[in-house]
1. Give all pairs with beta carbons closer than 6 Å in which a residue from segment 97-119 that is farther than 9 Å from Pro19 by Cα meets a residue that is at pLDDT 75 or above and of a type in the set (Lys, Arg); count only pairs at least 6 apart in sequence or on separate chains.
2. Out of segment 248-268, which residues are assigned to a loop (DSSP other than H, G, I, E, B) and not small (Gly, Ala, Ser)?
3. Where in segment 117-205 are the strands (runs of 3 or more DSSP E), entirely inside, with at least 1 residues that are over 26 Å from Lys231 (Cβ atoms) and touching a strand residue (DSSP E or B) at 6+ places or on another chain (Cβ under 9 Å)?
4. Under the condition of being touching a helix residue (DSSP H, G or I) at 6+ places or on another chain (Cβ under 7 Å) and modelled with pLDDT under 90, which residue from segment 273-293 is nearest to Thr31 (Cα to Cα)?
5. Given the conditions (1) farther than 30 Å from Val29 by Cα; (2) out of contact with any Cys (no Cβ under 6 Å at 6 or more places or on another chain); (3) at pLDDT below 80, report the number of the one that Glu74 does not fulfil.
6. Mind telling me which of the residues Ser130, Ser161, Ser152 ends up being in contact with an Asp or Glu (Cβ under 8 Å, 6 or more places away or on another chain) and either among the basic types (Lys, Arg) or within 30 Å of Lys232 (Cα to Cα) (or both)?
Amino acid sequence: MLVQGSHEWNQTLWTFLRPFTWRLWITIVGTCIFIGAAVAILEYRVGNPKFTAPYFQTLRMVIWFPISTFFFNEGKILNRNSKVVLVMWLSMIFIVVQIFTATLSSWLTLDQLRPRVPTYIGNAGYQDGSFLKDFIKQKCNCSGKDLLPLESVEEYKNAFSNGSVKVIFDELPYIDLFLAKYGSDDYMKFGPINQESGIAFAFPRNSSLLPSFSRAVVNITESDTMMDMKKKYLGFHMLDHSQTNQPLPQSLDVQSFIGLFIFMGTVVIIAIILSEVSLRRVNKKILPISTDE
């Protein structure tokens, strides 16, 4: 059936959080704390005074340090491996921010066309002279008093404009013709497509024409000939006439960034291992000198 549409922007107070799912937001916060803890361990091992403070201040540094890196100078980094971790962290956040900005833009600029379907289909229109009147009465359980017969797509447009009908039932080619002529910015198809009996061809049993006729029908329906006929006889202006009712953008989940998180975790683990190996080598070089003294 053919109905009018209403434009909706789908913007709420929490639209700015929609680009990411709640699981991805929690994962990002957890990764931030993980990076802070890794930097704190690396700096503590080299004796950075910023990370040898009391427990509460150290905990604050663990949570705040990965964020403050973007805006403030929280102190000198002594461990080279900490610098590598922070560079990788900044690169990862830059990628995430770019993707977040692009996804948020699609959420904010999306124009949704929603069908305006009445709760009770009473004053409906149908093509005059067709079988649709009985079809509407049977399917919608309504009387024929409120049904309005319409003869052309121009009358469809006028009936919608003056509020005579809320929905119009018609065959798909004529609905497509209406949408092609008046556009799909304010009107749209809605509801299931009902297959009704149509034209049939009868042949004698074991007729030699049956296979040839069936192949001819299939060749026409599966080729561009059918679309050319619609364009020629129904006046289609567009071969692929699409509705403006686009689906909502999908919120990105953890799977979208799983590669970045695995890469970041690998960098942190390697940085800690290299830092420990480097410290052990330094200690081995210092210990013989201290024993000789």
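1. Short answer, once both residue conditions are applied: Pro118/Lys166.
2. Leu248, Pro249, Gln250, Asp253
3. Because the criterion is at least 1 residues that are over 26 Å from Lys231 (Cβ atoms) and touching a strand residue (DSSP E or B) at 6+ places or on another chain (Cβ under 9 Å), the strands (runs of 3 or more DSSP E) in segment 117-205 that meet it are 124-127, 148-150, 167-169.
4. Ser275
5. Going through (1) farther than 30 Å from Val29 by Cα; (2) out of contact with any Cys (no Cβ under 6 Å at 6 or more places or on another chain); (3) at pLDDT below 80 one by one, Glu74 breaks only (1).
6. Working: Ser161 fails: in contact with an Asp or Glu (Cβ under 8 Å, 6 or more places away or on another chain); Ser152 fails: in contact with an Asp or Glu (Cβ under 8 Å, 6 or more places away or on another chain).
Within the list Ser130, Ser161, Ser152, the selection yields Ser130.
Quick grid of which residues meet (1) closer than 30 Å to Trp25 by Cβ; (2) basic (Lys, Arg); (3) surrounded by 13 or more Cβ atoms within 10 Å (Cβ to Cβ):
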{"position": "Asn81", "(1), (2), (3)": "yes, no, yes"}
{"position": "Ile95", "(1), (2), (3)": "yes, no, no"}
{"position": "Ala102", "(1), (2), (3)": "yes, no, no"}
{"position": "Lys133", "(1), (2), (3)": "no, yes, yes"}
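The values are calculated or read from the model by the stated rules, or taken from the named source; none is laboratory data. Here the structure is a predicted model, which means the values were calculated and not measured. Positions of Cβ are backbone-derived with ideal geometry, glycine not excepted, and every protein chain shown enters the neighbour counts.
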